[in-house]
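Colleague: Take this structure, written in structure tokens, and hold onto it; I'll ask about it next.
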Amino acid sequence: MSYNRAALAMALTASLLTTACVTDPNTGDRKVSRTALGAGIGALGGALVGGLIGGGDGRLVGAGIGGIAGAAIGYEKDKQIRELRASTAGTGVTVAPADDGQSIMVTMPDGVTFDTGSYILKPQFRSTLGQVAQTLTSHPDSLIDVYGHTDATGTPATNKALSENRANTVADFLTTQGVNPARLRSRGFGETMPVASNATPEGRAKNRRVEIRIVPVTQEQVQAARQGG
């Protein structure tokens, strides 16, 4: 996830926690209003959808997503996380909530997905990525971004091209496994978004990665997108 999107999500979260507080007339204490909090989370989710690569109402409508009932979205996200973790267990892939719990991030380290300097998917990883694709198809009400990242070894131009090619490889493979291509976008960030220091081999290994960001979409978001279009 880009740092700009992360900063936006954090700012919106802080804002909603502040504005969702009300004063209890009986005690005078400040407490969280569930109604206001729900509205704030909806706004945060909308910002995340808009922040996706090529995001906006057009992408949401074009993907043909029906959306998840608002009350069920937390359950659906938790269920998908469990399924993704089960299907990638022991592979080096990590699955975790992201964007303050509003999305899911699947992180695939370079060593298990590609050989050094290559953007050809390792044959032994195809079955794992196929399992990820199966989970994505069984949970169709989401938009998906694939991000490619490298370490700082080599030139920025070379790293940018490599990261783009790796992201495209993963996205293309997912479509061959039945994931609707209208849900998918891919982008390479090269060396610009490290998660660790490039001064050590361990840090560089962490920076070489492909991420799949899954943002579940509510029925309300779909309706708003259709009305906006």
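Colleague: Any chance region 206-218 includes a residue that's of a type outside the set (D, E, K, R), on the phi > 0 side of the Ramachandran plot, open to solvent by less than 60 Å² (accessible area, probe 1.4 Å) and not in a helix (DSSP H, G or I)?
Modeller: no
Colleague: Related question: Find all pairs meeting these conditions: Cβ atoms under 6 angstrom apart; at least six residues apart or on different chains; first residue within region 105-123 and part of a strand (DSSP E or B); second residue of a type in the set (S, T, N, Q).
Modeller: So the pair list comes out as T107/T94; L121/T169.
Colleague: Would region 160-171 turn up any residue that is over 23 Å from P216 (Cα atoms), open to solvent by less than 30 Å² (accessible area, probe 1.4 Å) and charged (D, E, K, R)?
Modeller: yes
Colleague: Being farther than 24 Å from P216 by Cβ and surrounded by fewer than 20 Cβ atoms within 10 Å (Cβ to Cβ) narrows it down to one of A199, A86, A96, A182, so name that one.
Modeller: A199
Colleague: Continuing with the same structure: Taking region 124-153 on its own, how many of its residues are free of Cβ contacts under 8 Å to residues at least 40 places away in the same chain and surrounded by 15 or more Cβ atoms within 10 Å (Cβ to Cβ)?
Modeller: 1
The values are calculated or read from the model by the stated rules, or taken from the named source; none is laboratory data. As the structure is a prediction and not an experimental result, all values here were calculated from the model. Note that we place each Cβ from the backbone using ideal geometry, even for glycine, and neighbour counts take in every protein chain shown. Areas reflect the complete protein model, heavy atoms only, side chains present, ligands, DNA and RNA absent. Shrake-Rupley method; radii C 1.70, N 1.55, O 1.52, S 1.80 Å.
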